[in-house]
1. Under a no-solvent Debye model with one identical scatterer per Cα of the chain, what's log10 I(q)/I(0) at q = 0.06, 0.08, 0.10 Å⁻¹?
2. Compute the long axis of helix 229-243 from its Cα atoms, compare it with the longest principal axis of the Cα atoms of the chain, and write down the angle in degrees, 0 to 90, nearest 10.
3. Would you please put 21-34, 323-336 in order of how densely packed they are, using the mean number of other Cβ atoms within 10 angstrom per residue and starting with the highest?
4. Kindly write out, for the range 187-200 in residue order, the coupling ³J(HN,Hα) from the Karplus curve 6.51 cos²θ - 1.76 cosθ + 1.60 (θ = phi - 60°), rounded to whole Hz, with x marking Gly and Pro.
5. Distance from the Cα centre of the range 1-27 to that of the range 210-241, in angstrom?
6. Past 26 Å, Cα to Cα, is the threshold; run 9/160; 203/364; 103/152; 17/152; 9/222 against it and keep the listed order.
7. Straight-line reach from residue 210: which lysines fall under 18 Å, measuring Cα to Cα and dropping same-chain residues less than 8 apart?
8. Any lysines with Cα under 30 Å of the residue 263 Cα? List them, leaving off those in the same chain fewer than 8 positions away.
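We did not get these values from a lab; they are worked out from the coordinates using the rules stated. Keep in mind it's a predicted model, so treat the numbers as computed, not measured. All Cβ positions, glycine included, derive from the backbone under ideal geometry; neighbour counts span all protein chains shown.
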Amino acid sequence: MIGTNTPLKTLAATTAKNFQKRSGKIASWIAAAPGRVNLIGEHTDYNDGFVFPMALERYTVIAAAPNGSNKIILTSSTAEGAATIDLSKPIKRGEPSWANYVKGVIVGFQRLGCKIPGFDAHIESTVPLGGGVSSSAALEVATATLLEAITKKKLTQVQKGLIAQKAEHEFALMPCGIMDQFISVMGKADHVLLLDCQTTKTKQVPMKSKSVAILVINTNVKHELTGSEYPDRRRQCEAAAKALGVKSLRSCTLADVNAAPSKLTNIEFRRARHVVTEIERTITAAKAFASGNWKLAGDLMYASHGSLRGDYEVSCPELDDVVEIAHGIGLKGGVYGCRMTGGGFGGCCVALVESSQVKAIAAKIAQAYKARTKITPSLFVSRPSQGATLIKG
Ligand code: ADP
Ligand code: MG
């Protein structure tokens, strides 16, 4: 029922073996970076708020060796055929699309004046692709970590996160915030990252007790709506901030929003209320995690979901089903809290659960969800894990 997490060492060994099979070379460098899940703080990043992600025990690994040419030959276990990147001319985005994430990071290093030599590389991953746990950031950050070893250019964590983010903007045309790349770089075992999107300041918040774990439940639905949901939300937040006379909603309290309903349309009022309360919840949740107050942390997760569903209107029946089922299992069954995570309209829920009961909880959620929706969900459990690492090189 519940997916297992291949240990990083094992995944690295498999990657090296498959690299050798495909290229005939022994890997000179092996680099890894994790996927992530955001525990609380949703749709707060573009409002200069806080987010609270952790690195998953799910990794993307790249093994590589020099090939003496001016080309990079890339393969991935998830893709047919090889992608070739010609280093003798300016690198442009193109087909195959999966290689764009790698290309974008290479260009980032070239802009720093690094000379990239030709190499062969192979990619393996246990991060689900397109499942809302940021396989794209894992691929970018693993690439950046590999290139640090190849070029001997050591970046700061922030520089590395920003290069990976820029790759996603320019080469995948995804105008994402900084969360995914930062946590993939900065993840730390037994810690969750409190990230201030206004200042890019970070704080490692301990989640030491092994008695709790994070369960990720992928609804395996993705509702294609009009496509304007995300820009609409951003615009509504900007309009609300303008009407309230502030640069971003980060500068407002709930009291400010409540005192100004006449300045806002009903929709702007509800969007703003979600953002200001979510920022508050995220700060409180970080304290609850640090002190091991799991009941409070869980309650904040439920409250976050309610606000995303009601005020922000980015949930969907399947996400609501998972949260309702988890809530039904409740504290007695070992569930502290559950909420949708990610942009919404499908994708994943995240739950805070008792480690000792995780198997039973996963089985119950999967069964009840299937009974309600006829859809088989995917589930996996994780503790907060380490960020990008160089395994060989
Ligand atoms: P998410 O980041 O939520 O997993 P995205 O759509 O942002 O979803 O990124 C998924 C895309 O990233 C894939 O379609 C593929 O192009 C690329 N990708 C991620 N991991 C790999 C991998 N291991 N091998 C090849 N491509 C990958
Ligand atoms: Mg992504």
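1. -0.24, -0.42, -0.65
2. That helix lies at roughly 60 degrees to the long axis.
3. Highest mean packing first, the order is 21-34, 323-336.
4. Coupling constants for the range 187-200: x, 9, 4, 6, 9, 10, 9, 8, 10, 8, 6, 7, 10, 6 Hz.
5. Using only Cα atoms to place each centre, the spacing works out to 32 Å.
6. Pairs exceeding the cut-off: 203/364; 9/222.
7. The reachable lysines, counting only those whose Cα sits under 18 Å from residue 210, are 188, 287, 295, 359.
8. Answer for residue 263, where 30 Å is the Cα cut-off: 242, 247, listed by chain and number.
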